[in-house]
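Down below is the structure, laid out as structure tokens.
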Amino acid sequence: MSLFAISDLHLAFNEEKPMDIFGDNWYMHHEKIKENWIKKIKKEDTVLIAGDISWSMSMEEGLKDLEWIHSLPGKKIFIKGNHDYWWTSISKLNKLYDDMSFIQNNFFKYEDYAICGTRGWIQNSSEKFTTHDEKVYKRELIRLKLSLDAAVKDNMKKIIVMIHYPPYNDEFKDSDFTEVFKEYKVEKVIYGHLHGINPGNDFFNRIKDDIEYKLTSCDYLEFDPVKLL
């Protein structure tokens with residue numbers, strides 16, 4: 001069994017949302033993802049998907065996108081992204097498919113690893129940070145800790161975190177999120193949200209404070225899931 005990751009699939013099978021307006025590399029990007037996915041991922045493997053799964057605005061619309069992911073091999077574990085307005089109650093989501101698991105205040109296991117996570121939010125060092133942002137930011141910190149606490153309560157010693165927003169600022173300085181990662185001795189953090197980054201730019205993949213950080217936005221990965229373990 002192997003563990004892979006990719007994020008920001010931005011599927012739109014029920015919407016007129018051509019992604020190539022963001023660059024020619026996005027043309028028919030779902031076909032690129034599918035082709036690469038099928039080449040390397042087996043039924044017994046697991047794929048982490050760190051948010052921005054579908055452009056759909058409701059669960060009814062989003063089901064077509066989820067069905068497409070369900071048709072691909074492997075188990076899948078998701079967190080919510082900032083565009084996932086279709087995301088409904090976590091109990092309903094986790095009843096949909098036997099090979100797809102959704103994180104919100106909970107965690108799931110991959111072998112001896114706990115997979116934890118939350119959406120995250122823009123960093124409070126941003127000049128655009130508002131009172132509303134502060135409320136969301138603090139709520140996301142609570143959700144992250146609830147997910148991690150659930151893993152610790154189950155005696156999980158090795159932890160991987162998914163977070164949609166980058167957990168640091170433009171200079172890769174620490175934040176409240178990175179402090180939580182250090183407190184819980186997280187081993188790896190995968191994140192997305194960023195687009196238009198040259199795939200050869202390694203700034204976004206680094207080890208800091210013994211924690212490995214990896215950017216998994218699908219255009220950065222050239223629409224090819226990356227192997228973590």
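Summary of computed values
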item	result
Most fluctuating residue given options Leu148, Leu63, Leu48, as computed from a GNM of the chain linking Cα atoms under 10 Å	Leu63
Gyration tensor verdict on segment 105-229 (Cα atoms; rounded if a/c is under 1.5, prolate if a/b is larger than b/c, oblate otherwise)	oblate
Length added when fully stretched, Lys227-Asp24, from 0.36 nm per residue minus Cα-Cα	70.6 nm
Cα gyration tensor category, rounded, prolate or oblate, for segment 51-129 with a/c compared to 1.5	oblate
Excluding exposed DSSP-loop trypsin sites (Lys or Arg not before Pro) (at most 16 other C-beta within 10 Å), longest clean stretch of the chain	44-94
Over 27 Å (Cα to Cα) - which of Lys17/Lys109; Lys43/Lys145; Lys145/Lys173 fall in this group	Lys17/Lys109; Lys43/Lys145
Candidates Gly117, Gly196, Gly51, ranked by Gaussian network fluctuation over the chain, Cα under 10 Å, top entry	Gly196
Proximal charge balance of Glu15 [Cβ under 13 Å; K/R count +1, D/E count -1]	-2
Value of [θ]222 nm, deg cm²/dmol, for the chain, DSSP H segments ≥ 4, -39500 (n - 2.57) each, nearest 500	-8000 deg cm²/dmol
Phe129/Lys43 FRET efficiency (R0 35 Å; Cβ-Cβ; nearest 0.05)	0.20
Net charge, Ser56 excluded, C-beta distance under 10 Å - Lys, Arg +1, Asp, Glu -1	-3
Loop sites in segment 1-98: GluC sites (Glu not before Pro), DSSP, at most 10 other Cβ within 10 Å	Glu16, Glu44
Kirkwood Rh (inverse of mean 1/r, distinct Cα pairs), segment 3-227, angstrom	17.6
19 Å Cα-Cα reach of Lys92 towards lysines, excluding residues that sit fewer than 8 places from it in its own chain	Lys64, Lys75, Lys76, Lys80
For segment 15-80: rounded, prolate or oblate by the Cα gyration tensor [a/c cutoff 1.5]	oblate
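Any read-out appearing in this document is the output of simple, stated calculations on the displayed coordinates, not a laboratory observation. This is a predicted model, so every value here is computed, not measured. Positions of Cβ are generated from backbone atoms using ideal geometry, with glycine treated the same way; all protein chains shown enter the neighbour counts.
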